[in-house]
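Engineer: Before we start, here is the structure in question, set down as structure tokens.
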Amino acid sequence: MCRSSGVNMPEKLKHIKINNLPIRFGQFLKFADLVQDGIEAKLRIQAGEVLVNGLIETRRGRKLEKNDTVTLNGITYQVT
């Protein structure tokens, strides 16, 4: 399920290099060290704390591709 967050972001942009695309959303959060483990990823995603391409994303298994963005805590990460 996707819905608009109503929040204007990003303020910062960091690039995360992924060699094997696509990557699942939850795996990306762990790979980029945005969460400590899969349980934290699941909880943050379900709580609507993480945006994908500017929209709240609640599907942990969503596949991310090159140039997708993930925003958490006001910082945006781009899949490269």
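The values are calculated or read from the model by the stated rules, or taken from the named source; none is laboratory data. Remember, predicted model here, so these are calculated numbers, not experimental data. Every residue, glycine as well, gets a Cβ built from its backbone with ideal geometry; the counts of neighbours run over all protein chains shown.
Engineer: Can you run down the residue pairs with Cβ atoms below 9 Å, 6 or more apart or on separate chains, where the first is in region 22-36 and without any contact (Cβ under 8 Å) to a residue 24 or more places away in the chain and the partner is among the aliphatic types (A, V, I, L, M) and assigned to a strand (DSSP E or B)?
Structural biologist: Qualifying pairs under 9 Å: Gln27/Leu64; Phe31/Ile16; Phe31/Ile23; Val35/Leu72.
Engineer: A further question on this structure: Val7 passes all but one of (1) assigned to a loop (DSSP other than H, G, I, E, B); (2) modelled with pLDDT of 95 or more; (3) not basic (Lys, Arg); which number fails?
Structural biologist: (2)
Engineer: Same structure again: Any idea how many residues of region 26-52 are surrounded by fewer than 16 Cβ atoms within 10 Å (Cβ to Cβ) and within 14 Å of Lys14 (Cα to Cα)?
Structural biologist: Going through region 26-52 one residue at a time, the tally reaches 2.
Engineer: Here is a follow-up. Which members of region 17-32 meet the condition of being in a loop (DSSP other than H, G, I, E, B) and either hydrophobic (A, V, I, L, M, F, W, C) or within 11 Å of the chain's Cα centre (by Cα) (or both)? Walk me through it before giving the result.
Structural biologist: Filtering region 17-32 down to residues in a loop (DSSP other than H, G, I, E, B) leaves 17-22, 32.
Ile18, Leu21, Ala32 - these are the residues of region 17-32 that are in a loop (DSSP other than H, G, I, E, B) and either hydrophobic (A, V, I, L, M, F, W, C) or within 11 Å of the chain's Cα centre (by Cα) (or both).
Engineer: Mind listing whichever residues of region 59-80 are buried (at least 16 other Cβ atoms within 10 Å of the Cβ) and assigned to a loop (DSSP other than H, G, I, E, B)?
Structural biologist: Those that are buried (at least 16 other Cβ atoms within 10 Å of the Cβ) and assigned to a loop (DSSP other than H, G, I, E, B): Arg60, Arg62, Asp68.
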